[in-house]
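The values are calculated or read from the model by the stated rules, or taken from the named source; none is laboratory data. Keep in mind that what you see is a predicted model, and the values were worked out from it rather than measured. Quick reminder, even Gly has a Cβ in these numbers, built from the backbone with ideal geometry, and neighbours come from all protein chains shown.
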Ligand SMILES: [Zn+2]
């Protein structure tokens, strides 16, 4: 192709037809209002080799021959396209016009393109806070996630919409409010739940929107155009991390651990402010549906096994034989409704029962993937492979024995059995090994216990038989129980 014939995106005007060489950054389908099955048009965000972008709308009469080419990051020549008025409510890119296909427009794949892949244009946090960025036009942001609030359901739309509030911090310590909605909120929560080992989350929100609400400025996702990047192995994230580390090295008062921690403030709030601390012997005082904090030392490992084989999507138990080792494809059929149309695989997940002893009383609690991952920095697959290498595939790994005599705090939600038995379920929703919080809780527990002893010495003789046989479940939102009464719940929600 003669390069003279190719127009750059900024040169496009309505006076003639154009040929462009562009990378497809985003692509989505627009469905008909009255028939949700019928695709009305395809929208794309395209970028040329200079990094300039334009939105493109392909009417249903024209896209069929090219559907296979319309994929993210594919580079294409688009010949004989036209440009016209930008019709969308939101402007994803800084271009006055929008590209359209017509009868003679053609698309072919191209393999050379020497520009950065993503074309980010990051907005400065200070400018976002100053509201100097227009509300109807998108921007890209990059920052460290410093605090995540619990996932909420917002009823202000027709149906329940997921809402995840968080803060992003830039390299100079400026924070912005971020709210992710719907599938974007779910995407973030899933990432965090499956990546407990990462102590630091660098988030890029590409094609984000700015909103002001009650005088505060928020960054939001748009309905379809926005894209999230979580700790991606790309130049922009790696550079941000490197600069963050060098700042950290010069910052003598903070440990690397807390600098990188996803949510130290949030955990402190959960463990020290929002929830009451209980002696383990007083767990029965927590009302069903409520939560409390307990604190104790792991004294021994319980049970015959330390992991189970679960569905990669919902984590429900699947037959143990469906997992054939980390190098197999392990495809499995999951019986849960939400997995019916998905390709899912069998994966090992941690399930470690531990006897936790407090100042007064003890209880057996079950630690799931997110808890064990966050302590060991190892996945269950890593640990299974390791055990096989040393010829002890069925034994408890030494790493788990190392938990014995360690102190932890647990946030526990209490549920009564859905089967109407008297059994109460202790559902661990948070788990904390932060040393400062642990030592504060230890002081607090001692204080509470001493004061209670002073008031009523009988409280020491509480019968704890009704709590030692319980099995906690991992997610506070879960109501599903496997048939064998092993409450392996849905994907854990939360940190
Ligand atoms: Zn499943």
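Against the criterion of being surrounded by 12 or more Cβ atoms within 10 Å (Cβ to Cβ), outside any loop (DSSP other than H, G, I, E, B) and modelled with pLDDT of 75 or more, residue 410 qualifies. Within the stretch 358-365, identify whether any single residue is within 16 Å of the ligand (Cβ to nearest atom) and touching a strand residue (DSSP E or B) at 6+ places or on another chain (Cβ under 9 Å), and answer yes or no. Checked the stretch 358-365: no residue is within 16 Å of the ligand (Cβ to nearest atom) and touching a strand residue (DSSP E or B) at 6+ places or on another chain (Cβ under 9 Å).
Only a single item in (1) modelled with pLDDT under 90; (2) within 16 Å of the ligand (Cβ to nearest atom) is not met by residue 269, and it is number (2). Quick check on residue 70: is it surrounded by 13 or more Cβ atoms within 10 Å (Cβ to Cβ) and either outside the structural domain of residue 27 (by TED's automatic domain parsing) or closer than 30 Å to residue 174 by Cα (or both)? No: the conditions fail for residue 70. Quick check, is residue 343 farther than 19 Å from residue 386 by Cα and within 12 Å of the ligand (Cβ to nearest atom)? Yes. Quick check: is even one residue across the stretch 290-309 at pLDDT 85 or above and either outside the structural domain of residue 428 (by TED's automatic domain parsing) or within 16 Å of the ligand (Cβ to nearest atom) (or both)? Yes, there is a match, as at least one residue in the stretch 290-309 is at pLDDT 85 or above and either outside the structural domain of residue 428 (by TED's automatic domain parsing) or within 16 Å of the ligand (Cβ to nearest atom) (or both). Where strands (runs of 3 or more DSSP E) sit wholly within the stretch 192-233, those with at least 2 residues that are more than 30 Å from residue 370 (Cα to Cα) occupy 202-213, 216-220.
Quick check on residue 383: is it crowded, with 18+ Cβ neighbours inside 10 Å, assigned to a loop (DSSP other than H, G, I, E, B), more than 13 Å from the ligand (Cβ to nearest atom) and in the same structural domain as residue 435 (by TED's automatic domain parsing)? No, not satisfied. For the stretch 321-334, the condition holds for at least one residue, the condition being that it is within 15 Å of the ligand (Cβ to nearest atom), surrounded by fewer than 18 Cβ atoms within 10 Å (Cβ to Cβ) and farther than 26 Å from residue 402 by Cα.
Here the strands (runs of 3 or more DSSP E) wholly within the stretch 85-177 that include at least 1 residues being out of contact with any helix residue (DSSP H, G or I) (no Cβ under 7 Å at 6 or more places or on another chain) and free of Cβ contacts under 8 Å to residues at least 40 places away in the same chain are 106-109, 152-154, 161-169. Could you please let me know if residue 370 is away from the ligand (no atom under 16 Å from the Cβ) and crowded, with 20+ Cβ neighbours inside 10 Å? Taking the combined requirement at face value, the residue satisfies it.
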